[in-house]
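Report on the structure given below.
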Amino acid sequence: MTLFTSPVSWPESWPSPQQLLESAREAQRASYSPYSGFPVGAALLVEGMDEPILACNVENSSYGLSICAERSAAVAMIARGGKKPLAAAVVGKRGEVCLPCGACRQFLAEFNPEMPLVFEHGDSFVVTTLAELFPAPFLLTEQSGEQ
Ligand code: THU
């Protein structure tokens, strides 16, 4: 079955999709998800940064305040001076595609609406783009993320 159809360019200079997924797995270990029992990890490859930004979902007793791993990662990227995520890996249940929720798609699109995304899929992985999952984000600026 073809899950995604958009062509994805993944430059050789980048860590491999498998390596970025490994980073997301490492990030997942820190997850605080006692209410859902669904730990998520995200790794962002960021322009100008040697190491990926790692983040996890963080839940709260007031459930609605919980934040997803992908948004945590975007926040961490900005806090550390990063500007542009080049690619993201997201992991949830082992071997299953863990798609970002709608809020996270919009949040990530702010910084790079075209970025490649990689997910586990069985023993392997699948790659798509944020543009395929979320083709029409709301953006106030032509060049998102620029001030
Ligand atoms: N979650 C993420 O971290 N990322 C997503 O894209 C979907 C959902 C988290 C939120 C919550 O802590 C748990 O997964 C179950 O919904």
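The values are calculated or read from the model by the stated rules, or taken from the named source; none is laboratory data. Everything numeric here is computed off the predicted structure, so don't read it as measured data. Counting neighbours? That spans all protein chains shown, and the Cβs are built from the backbone with ideal geometry, glycine included. Ligands, DNA and RNA are stripped out before the accessible areas are found, and what is left, the full protein with its side chains, is counted by its heavy atoms. Shrake-Rupley method; radii C 1.70, N 1.55, O 1.52, S 1.80 Å.
A few notes on this one:
Residues are listed down the side, and each one gets a yes or a no for (1) over 26 Å from residue 35 (Cα atoms); (2) open to solvent by 30 Å² or more (accessible area, probe 1.4 Å); (3) within 16 Å of the ligand (Cβ to nearest atom):
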residue: 65; (1), (2), (3): no, yes, yes
residue: 70; (1), (2), (3): no, no, yes
residue: 81; (1), (2), (3): yes, yes, no
residue: 84; (1), (2), (3): yes, yes, no
residue: 96; (1), (2), (3): no, yes, yes
residue: 109; (1), (2), (3): yes, no, yes
residue: 115; (1), (2), (3): yes, no, yes
residue: 134; (1), (2), (3): yes, yes, yes
residue: 140; (1), (2), (3): yes, yes, no
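- Residues (among the aromatic types (Phe, Trp, Tyr) and open to solvent by 60 Å² or more (accessible area, probe 1.4 Å)) located in the range 1-40: 32, 35, 38
- The range 41-63, residues that are more than 16 Å from the ligand (Cβ to nearest atom) and either basic (Lys, Arg) or surrounded by fewer than 19 Cβ atoms within 10 Å (Cβ to Cβ) (or both): 47, 48, 49, 50, 51
- Being at pLDDT below 95 and part of a loop (DSSP other than H, G, I, E, B) is a condition met by no residue of the range 51-63.
- Scanning the range 34-75 for residues that are more than 12 Å from the chain's Cα centre (by Cα) and of a type outside the set (Ser, Thr, Tyr) yields a total of 15.
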